[in-house]
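One structure is given here, and the rest of the page talks about it.
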Amino acid sequence: MQRIVVIGGGGAGTGAATNAKQLDRSLEVTLITEFEDIAYSPCGIPYVFGRDIKKFDGLFLQPLEFYREEMGINLKTETVVESIDIDKGAVYTTEGEEYPFDKLILCTGWEYEVPNLENVDLDGVIFIKNIRRAMEIDGRLDNVKKAVVWQAKPLGVELIEALPKRDIETHLVDSGSWLMSEFSDADMMEPLQDHLVDDLGVKMHFGTDLTGFSGENGKLTSVQTSDGSIDADMAFLVDPMKPSTKLAKSIGIKTGSTGAIVVNNHMETNVENVYAAGACVKYTCKPYSRNLCIYSRTHGWD
Ligand SMILES: Cc1cc2nc3c(=O)[nH]c(=O)nc-3n(C[C@H](O)[C@H](O)[C@H](O)COP(=O)(O)OP(=O)(O)OC[C@H]3O[C@@H](n4cnc5c(N)ncnc54)[C@H](O)[C@@H]3O)c2cc1C
């Protein structure tokens, strides 16, 4: 019986594991994820914050039991893969468990690169990623009076649209001159910007850098910028994001100039029997004949 181990339970890992099982029920498929959940849409999180989507339940595709019982996937949640022994064909978790494989699929996604800013570890400085942590943040939003969102990238724009709907005075800090200035012209963004300012009362701080955070008793009280201080109970940082490739690099998998894993058209890496998919992977965009990774959207072309 072929053994497939998938690392990661985001869209890529869930898709890889379920597709493998759909193609051949006899495969032994193990999906290992650090998080508590799989198969949800992180993209919907800002819309739950703003109550355009009523509940987090609406972001889940299927419950965990579906993948375990109906799909027959050996699902290991809250389990971190620490190392891979490629000669032996096995992955090892931080708890010392061994999962042997014939084929390994890396779907380790992306992570934030925490910026080197003063007091970035204060309670109230938020990086949204895992849905459980987002649920906790959502529970705190009713007590938030003022929030700062750093960077007018797509996630930042979604947040500044959501937070005023929770009666939060919302500030956007961005070094550019208009919303999503890295990939849109000013006139394209003007109607959206007008709506955010005029209808939702968002305060825009363009041409401004984030320089640090201040707090009391470990909690955020203000955000420091190149143009002065902004009082805030919460600050959302939506960048920088980078592909999660630590495990891949540890077994000699090739990465490209964006830092993401290089794969061929069959999602094979340069290491035999190891595949990769999703946000940790660099891919080729046929219309542009260029190599991209998910970060190309925010970090420019490869
Ligand atoms: C709030 C938010 C809003 C978004 N909005 C949009 C949007 O509107 N449009 C859009 O296109 N994209 C959006 N995205 C990005 C989109 O969600 C990602 O592109 C997508 O999640 C990538 O899926 P993935 O499976 O490749 O990786 P990820 O979702 O990053 O999943 C990585 C998985 O790997 C696991 N993992 C990593 N390392 C290990 C390890 N060592 N051991 C065990 N498990 C490990 C993690 O637990 C996780 O399950 C948004 C993301 C967020 C957070």
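The values are calculated or read from the model by the stated rules, or taken from the named source; none is laboratory data. From a predicted model like this one, the values you see are computed outputs, not experimental measurements. Because the Cβ atoms are built from the backbone with ideal geometry, glycine has one as well, and the counts that use them run over all protein chains shown. Side chains are part of the model used for accessible areas, which takes the heavy atoms of the whole protein and leaves out ligands, DNA and RNA. Shrake-Rupley method; radii C 1.70, N 1.55, O 1.52, S 1.80 Å.
When DSSP beta bridges are limited to those with both residues in the chain, what percentage is antiparallel, rounded to the nearest 5? The partial results should precede the final answer.
Details: 27 of 61 bridges.
Within the chain, antiparallel bridges account for around 45 percent of the total.
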### Query
Relative contact order of segment 190-231: what whole-number percent is it, with Cα pairs under 8 angstrom and at least 6 residues apart?
26 percent
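Can you give me the accessible area per residue for the chain, using a 1.4 Å probe, in Å²?
Values: 15140 Å² over 302 residues.
I get 50 Å² per residue for this part.
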### In segment 165-280, lysine pairs closer than 27 Å at Cα, eight or more apart or cross-chain
6
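Just check segment 151-252 against the gyration tensor rule for me: Cα atoms, a ≥ b ≥ c as the square roots of the eigenvalues, rounded for a/c under 1.5, and otherwise prolate or oblate depending on whether a/b exceeds b/c. Don't jump to the answer; show the numbers that get you there.
On the way: a/c = 1.93, a/b = 1.23, b/c = 1.57.
Oblate, because a/c is 1.5 or more while a/b does not exceed b/c.
Below 8 Å, C-alpha to C-alpha, sequence gap of six or more: please give me the relative contact order for the chain in percent.
Relative CO of the chain lands at 18 percent.
Give the relative contact order (percent, whole number) for segment 57-169; include only Cα pairs under 8 Å separated by 6+ residues. Before the final figure, lay out each step's value.
Details: 58 pairs, mean separation 12.0, N = 113.
Averaging sequence separation for qualifying contacts and normalising by length gives 11 percent for segment 57-169.
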### Message
With unit charges on the beta carbons (Lys and Arg positive, Asp and Glu negative) and the dipole taken about the Cα centre of segment 1-60, which residue among Ile45, Gly58, Thr18 sits farthest to the positive side?
### Response
Gly58
### Task
Can you figure out the FRET efficiency of Lys246 with Asn19, using R₀ = 25 Å and their beta-carbon distance, to the nearest 0.05?
0.50
## Note on the structure
Answer in debye to the nearest 20: the dipole magnitude of the chain about its Cα centre, from +1 Lys/Arg and -1 Asp/Glu charges placed on Cβ, is 740 debye
### Query
Among the aspartates and glutamates, which have Cα under 19 Å from the Cα of Lys282 when same-chain residues fewer than 8 positions away are ignored?
Glu111, Glu113, Asp239, Glu268, Glu272, Asp302
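Report the Stokes-Einstein translational diffusion coefficient (µm² s⁻¹, integer) for the chain, Rh taken as the Kirkwood radius over Cα pairs, at 10 °C with viscosity 1.306 mPa s.
Values: Rh = 20.9 Å.
So the translational diffusion coefficient is about 76 µm²/s.
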### Given charges at beta-carbon only (K, R positive; D, E negative), |dipole| of segment 113-234 in Debye
500 debye
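Ignoring ligands, DNA and RNA, what percent of the accessible area of the chain is carbon or sulfur (1.4 Å)? Don't skip to the end; give the middle numbers.
On the way: 7060 of 15140 Å².
Ligands and nucleic acids excluded, carbon and sulfur give 47 percent.
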